[in-house]
Amino acid sequence: QLQASGGGSVRAGDSLSLSCAASRRTFSAYAAGWFRQAPGKEREFVAAVSRLGRDTYYTDSVKGRFTVSRDDAQNTAYLQMNSLKPEDTGVYYCAASWSGAPRPADASEYDYWGQGTLVTVSS
């Protein structure tokens, strides 16, 4: 199971840090991804981190502002979000991929999903 937390309501330009805690001690064997769903829109890929944190991936709109990371000793993945914009508003979901997510932006690569945490950015 995955438990996402850290969402909240902030103003444009502010920062938030999301966490995704995994109950599995084998979390290190999974790639971890973050997706978001804005009101009235489909879920979209945000960022992902490979096993051992060797590689990271971002959608273009968050590059340079968001940082994805993981701490396998804590069975947790993180998404540091800086310089937030109103268009970053949405429910953020974390996900874990046993296959390592060779296509990290493809939601079908992920086996487990957290319940989502709401991020609201006002202008």
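The values are calculated or read from the model by the stated rules, or taken from the named source; none is laboratory data. From a predicted model like this one, the values you see are computed outputs, not experimental measurements. Positions of Cβ are backbone-derived with ideal geometry, glycine not excepted, and every protein chain shown enters the neighbour counts. Just the protein is used for accessible areas: all its heavy atoms, side chains included, with ligands, DNA and RNA removed. Shrake-Rupley method; radii C 1.70, N 1.55, O 1.52, S 1.80 Å.
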Pairs where the first residue, in the range 70-97, is assigned to a loop (DSSP other than H, G, I, E, B) and the second is of a type in the set (Ser, Thr, Tyr), C-beta under 6 Å, 6+ apart: ASN82/SER15; THR89/THR120
Where ALA38 falls short, out of the listed (1) in contact (Cβ under 8 Å) with a residue 60 or more places away in the chain; (2) open to solvent by less than 50 Å² (accessible area, probe 1.4 Å): (1)
Those residues of the range 84-104 which are under 15 Å from SER61 (Cβ atoms) and open to solvent by 60 Å² or more (accessible area, probe 1.4 Å), in sequence order: LYS85, GLU87
When residues of the range 105-123 are limited to those that are assigned to a strand (DSSP E or B) and within 18 Å of ALA32 (Cβ to Cβ), the one least open to solvent (accessible area, probe 1.4 Å): VAL119
Qualifying positions in the range 42-71 - among the hydrophobic types (A, V, I, L, M, F, W, C) and either open to solvent by 60 Å² or more (accessible area, probe 1.4 Å) or within 10 Å of the chain's Cα centre (by Cα) (or both): PHE45, VAL46, ALA47, ALA48, VAL49, LEU52, PHE66, VAL68
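Going through the range 14-27 one residue at a time, which ones are open to solvent by 50 Å² or more (accessible area, probe 1.4 Å) and of a type outside the set (Val, Ile, Thr)?
The first filter runs over the range 14-27 and keeps only residues open to solvent by 50 Å² or more (accessible area, probe 1.4 Å), leaving 14-15, 17, 23-26.
If the condition is that a residue be open to solvent by 50 Å² or more (accessible area, probe 1.4 Å) and of a type outside the set (Val, Ile, Thr), then ASP14, SER15, SER17, SER23, ARG24, ARG25 are the ones that fit.
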Members of the range 1-43 that are under 15 Å from VAL68 (Cβ atoms) and among the hydroxyl-bearing types (Ser, Thr, Tyr): SER15, SER17, SER19, TYR30
Those residues of the range 1-11 which are touching a Phe, Trp or Tyr at 6+ places or on another chain (Cβ under 8 Å) and either open to solvent by less than 20 Å² (accessible area, probe 1.4 Å) or part of a strand (DSSP E or B) (or both), in sequence order: LEU2, ALA4
